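Input: a single structure, listed below in structure tokens.
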Amino acid sequence: MDKRRKLRLGDLLIQAGVLNEKQLVRALEEQKDTGKKLGEVLVSTGVLSEKDITQALKKQLQIESVSLEGIHIPEDIIPMVDAAVLRKYCVLPYAYAPNNANVLLLAMSDPMDLAAQDDISIITNMQVEPVIASSREIMATLDKYYGHQEAMEAAEQYAREKDFKPLSQVEEQNDDVDQSPIVLLVKSIIEQAVRQRASDIHIEPTERKLRVRYRIDGALVEKMSYDIRLLPAVSARIKIIGGMDISEKRKPQDGRLTMNVNHHEYDIRASLLPTVYGEKIVLRLTMATDLTKNKSELGLNEEETKQFDLIFSNPHGMVLVTGPTGSGKSTTLYTALSELNKEDVNIITVEDPVEANISGINQVQVNPKSEMTFGNVLRSILRQDPDIIMIGEIRDAETANIAVQASITGHLVVSTLHTNSAAATVTRLEDMGLEPYLLGDSLSGIIAQRLVRRLCPHCKVPHLATAEEMEMLGEAGGEPITIYEPGGCEVCSNTGYYGRIGIFEILAMNQELKRIISSRGGTEAIREAASRSGMKTLKMSCIDYVKQGITSTKELMQIAIDE
């Protein structure tokens, strides 16, 4: 211990070879300005990842590390230490030492924090043995075991203190506001959602209670409920941090806020809608780095990656990414733009709203109040000498017309559209009033996509496909094959699924397709011609994933219904 007492995190990381003196000096300067821990500064500035720090500490200190994902903590350990103390030090007692029931194994993001070890030892009246874990996993596990209880305590404390009177703006400007129960409650709801991989938070008033649901891997799950009388205070808090009108309760409102969770900044879009029982609140959570992935992370196979690259390598023309809301269209577009973002290319986007800021790309936010409509902005963009134009979404005939004209005059235009398949996209554009001969000329490719849930690798259950499933997989009459169905474990919160993956239908234009489109060929004719040229449908892509054990037949049925 004495030896460790003299060591500092910065020195250890330099000794491990993952950090240099220059980076350490910069991080220490920022630490002085922000008051954060050195590890937090290194992660938030992108110098190191949590995994880098964990591995370096493990190697230098010769201490074991632990993955807390899906871990089960004995019930008698949970009440030993108050959650506030555990969060303060970012530690978690999670088990007894294998050969000594008087020693607690303590997961720590900083195993050199002797004050934390001493405090936990005094509180529990037991010896502690430090084990290294990432701060993200520690905080996520704290949420799992203590989060609901903390949120309930905050709600009860608010009830006692305020007698259910809503927050006023005057109270919000108070210096102690960060520690007020309702502020802690809203913060807790958002932080828990982030750590549980939620994409949306629904805060819904019913007749007697305020229900909170998270959308995880595309499915809504109820996580907690509170007294309905808390609604005005929760609503007021979200309006204030989202820059909305606190006094307006009869009209829908939209706002935007940012929050730092686990060293990452999250952009949160808030939507409030008056219902019969009060305002329903939906918060959409996005992190800029989530929108720019590597192509391999999207779910494209080798052949699809080639087609994807071919479509986006066109110097001009129009590329459309289609699918329903929440199917990952923005992620695909941002990933493509990041790849095209070179020094010799001028990329301009027009979005509503700008979902992620990408260095080196000129992004424009639509604002109808100041006449910054899609149409007006696009006309101005064409005078800005662009090479590539990204339009957030083609919503009307005016935007569609300008997009087509821009693509014909030598620009690469990329955009999104809400349609069910690649072939149906052409018909939708014709319905908007676009001439078929212009579409035949301008379209370079269409990518239709969906997201399907991945089976949890820890608990998926193998079984031989039934006759019905074999038919669904296009293998009717063949030898039964082994496929997987969801199980349920601690890691996936007993849902059987963990994460999602994209399935794609990529329609690359050729002369036959251009001819069919120009001569007003219908959706079916386009689909048949695309299939002849090798296009795999969404259903075919999903079947491949079922056969590989990545997803289930339940997800395949959803795709089949869509088609």
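The values are calculated or read from the model by the stated rules, or taken from the named source; none is laboratory data. All figures in this text were calculated on a predicted structure; none of them were measured in a lab. No Cβ is skipped: glycine too gets one built from the backbone with ideal geometry, and neighbour counts run over all protein chains shown. Note: accessible area is taken over every heavy atom of the protein model, side chains too, but ligands, DNA and RNA are not part of it. Shrake-Rupley method; radii C 1.70, N 1.55, O 1.52, S 1.80 Å.
From the list Glu150, Glu172, Glu161, exactly one residue is at pLDDT below 75, touching a helix residue (DSSP H, G or I) at 6+ places or on another chain (Cβ under 8 Å) and within 21 Å of Tyr94 (Cα to Cα). Which is it?
After ruling out the rest, the residue left standing is Glu150.
Only one of these is under 30 Å from Ala233 (Cα atoms) and aliphatic (A, V, I, L, M): Ala101, Ala159, Ala115, Ala107. Name it.
Selected residue: Ala159, the only one of Ala101, Ala159, Ala115, Ala107 that is under 30 Å from Ala233 (Cα atoms) and aliphatic (A, V, I, L, M).
In the range 305-337, what residues are outside any helix (DSSP H, G or I), of a type outside the set (Gly, Ala, Ser) and surrounded by fewer than 21 Cβ atoms within 10 Å (Cβ to Cβ)?
Across the range 305-337, the qualifying residues are Asn314, Pro315, His316, Pro324, Thr325.
May I ask you to list the residues in the range 382-392 that are within 22 Å of Ser330 (Cα to Cα) and modelled with pLDDT under 90?
Of everything in the range 382-392, just one residue is within 22 Å of Ser330 (Cα to Cα) and modelled with pLDDT under 90, namely Gly392.
Would you point out the residue of the range 344-358, among those that are out of contact with any Gly (no Cβ under 6 Å at 6 or more places or on another chain) and at pLDDT below 90, that is farthest from Thr258 (Cα to Cα)?
Once the filter is applied, the top-ranked residue is Ile358.
Which residue is least open to solvent (accessible area, probe 1.4 Å), if the candidates are limited to the range 235-265 and must be β-branched (Val, Ile, Thr) and in a helix (DSSP H, G or I)?
Looking at residues that are β-branched (Val, Ile, Thr) and in a helix (DSSP H, G or I), I get Ile238.
Exactly one condition in (1) surrounded by fewer than 19 Cβ atoms within 10 Å (Cβ to Cβ); (2) closer than 19 Å to Ala448 by Cβ is false for Val345; which is it?
Going through the list (1) surrounded by fewer than 19 Cβ atoms within 10 Å (Cβ to Cβ); (2) closer than 19 Å to Ala448 by Cβ, Val345 breaks only (2).
For every residue, the table says whether it meets (1) closer than 19 Å to Thr322 by Cα; (2) of a type in the set (S, T, N, Q).
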position: Asp352; (1), (2): yes, no
position: Val366; (1), (2): no, no
position: Lys369; (1), (2): no, no
position: Val377; (1), (2): no, no
position: Gln384; (1), (2): no, yes
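Against the definition (open to solvent by 40 Å² or more (accessible area, probe 1.4 Å), in contact (Cβ under 8 Å) with a residue 24 or more places away in the chain, in a loop (DSSP other than H, G, I, E, B) and under 25 Å from Glu304 (Cβ atoms)), how does Lys514 come out, yes or no?
Judged against the criteria, Lys514 is not a match.
Return yes or no: is Ser533 touching a Gly at 6+ places or on another chain (Cβ under 8 Å) and surrounded by fewer than 16 Cβ atoms within 10 Å (Cβ to Cβ)?
no
Of all residues in the range 402-417 being in contact with a Leu (Cβ under 7 Å, 6 or more places away or on another chain) and closer than 15 Å to Leu337 by Cα, which is surrounded by the fewest Cβ atoms within 10 Å (Cβ to Cβ)?
Filtering first and then ranking leaves Thr416.
Between residues in the range 272-301 that are polar (S, T, N, Q) and modelled with pLDDT under 85 and residues that are open to solvent by less than 20 Å² (accessible area, probe 1.4 Å) and part of a helix (DSSP H, G or I), which pairs lie under 8 Å by C-beta distance while being six or more apart or on different chains?
From residues that are polar (S, T, N, Q) and modelled with pLDDT under 85, the pairs are Thr292/Tyr334; Thr292/Thr335; Asn294/Thr335.
Across the range 370-401, which residue is surrounded by the fewest Cβ atoms within 10 Å (Cβ to Cβ) among those that are of a type in the set (Lys, Arg) and in contact (Cβ under 8 Å) with a residue 12 or more places away in the chain?
The extreme case among them is Arg379.
Just wondering, is there one or more residues in the range 201-213 that are out of contact with any helix residue (DSSP H, G or I) (no Cβ under 7 Å at 6 or more places or on another chain) and free of Cβ contacts under 8 Å to residues at least 60 places away in the same chain?
yes
Quick one: Asp431 ticks every box in (1) open to solvent by less than 10 Å² (accessible area, probe 1.4 Å); (2) modelled with pLDDT of 90 or more except a single one, so which number is it?
For Asp431, the exception is condition (1).
If you take the residues of the range 113-157 that are of a type in the set (S, T, N, Q) and either at positive phi or surrounded by fewer than 17 Cβ atoms within 10 Å (Cβ to Cβ) (or both), which of them is nearest to the chain's Cα centre (by Cα)?
If we take residues in the range 113-157 being of a type in the set (S, T, N, Q) and either at positive phi or surrounded by fewer than 17 Cβ atoms within 10 Å (Cβ to Cβ) (or both), then Gln149 is nearest to the chain's Cα centre (by Cα).
Quick one: is Ser370 touching a Gly at 6+ places or on another chain (Cβ under 9 Å), closer than 29 Å to Asn401 by Cβ and modelled with pLDDT under 90?
no
Among the residues of the range 96-138, count how many are touching a residue at least 24 places away in the same chain (Cβ under 8 Å) and either of a type in the set (D, E, K, R) or touching a Lys or Arg at 6+ places or on another chain (Cβ under 6 Å) (or both).
Counting residues in the range 96-138 that are touching a residue at least 24 places away in the same chain (Cβ under 8 Å) and either of a type in the set (D, E, K, R) or touching a Lys or Arg at 6+ places or on another chain (Cβ under 6 Å) (or both) gives 8.
Take residues that are buried (at least 17 other Cβ atoms within 10 Å of the Cβ) and tell me which of the helices (runs of 4 or more DSSP H) falling wholly in the range 1-104 contain 2 or more.
9-16, 21-34, 38-44, 50-61, 83-89
So, in the range 266-304, how many residues would count as being open to solvent by 10 Å² or more (accessible area, probe 1.4 Å), of a type in the set (A, V, I, L, M, F, W, C), assigned to a strand (DSSP E or B) and touching a helix residue (DSSP H, G or I) at 6+ places or on another chain (Cβ under 7 Å)?
The total comes to 1.
For the range 475-497, how many residues meet the condition of being modelled with pLDDT under 90, open to solvent by 60 Å² or more (accessible area, probe 1.4 Å) and over 25 Å from Gly218 (Cβ atoms)?
5
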